[in-house]
Structures are given as C-alpha cells and as structure tokens.
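Laboratory data are not the source of any read-out in this text; all were calculated from the coordinates shown. Small disclaimer: the values here were computed from a predicted structure and weren't measured. Heads up, the Cβs are rebuilt from the backbone with ideal geometry, glycines too, and the neighbour counts pull from every protein chain shown.
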C-alpha cells in the first residue's frame, strides 16, 4: 500500500512545492505577467494575448486559481481574473525564507574560511 509521504514535510515546504509546481509552465508565467501589467481584472484579453486555445488558457487559469495566485470573479457569462497580491507576497516570503536559510549554511562557511570550489 502506498503511503502519502507529503505528511512528513512541513506545511511551508509543501506550500512552496505546490506553488513552484504550478509556476513551472511558461504559459502560467505569461498569464501572471499579463495580469500584472494590466493591473486590473481582465476577462477575454488573456486569450487574445497568448498563442494558445481558449480551453488551454482556461486550464492554466484554473491551475493558478486553485493555488490562489489569482482571483476570478464571475461577471455575467465571463470570469474576470486578477492577481492575488497577498498570496504573491506570501510566496515571496516563503522563497526568501528558504534562500535565507540555505544561505546561512555550508556555502557561507566555505567562503568565510577562504576556501574555493574548484
């Protein structure tokens, strides 16, 4: 019987992993970039700005919404999307915390002793 090993990791690491997995597709990065540049909720414009089919864009929007990086509000027959800036800040904090913790370990110790990686 398979065991779900994610329970052995802390919540922050699981959250960061899920965010990174969602952001691993360039179309999702492009969608976030479009939403950030527009700095407002947009509906159909996203499909017009990407070389992807409506259904493909919808799948990517769904993934971003599931991870809470974007918000979607229904306006009539359309859903308008915008960036969830609070969640982006949370993601940024998780990344900074990860890299600060990594930076405080062995790599700095080697540099402090004057040793170099050859």
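Starting from the alpha-carbon convex hull of the stretch 1-84, give the projected area averaged over all orientations, in nm². Mind dumping the intermediate values first?
Values: hull surface 28.5 nm².
Its Cα hull, projected and averaged over all orientations, spans 7.1 nm².
Using 7 Å Cα-to-Cβ label points, what is the residue 59/residue 87 separation (nm, one decimal)?
Reported label-point gap for residue 59 and residue 87 is 2.0 nm.
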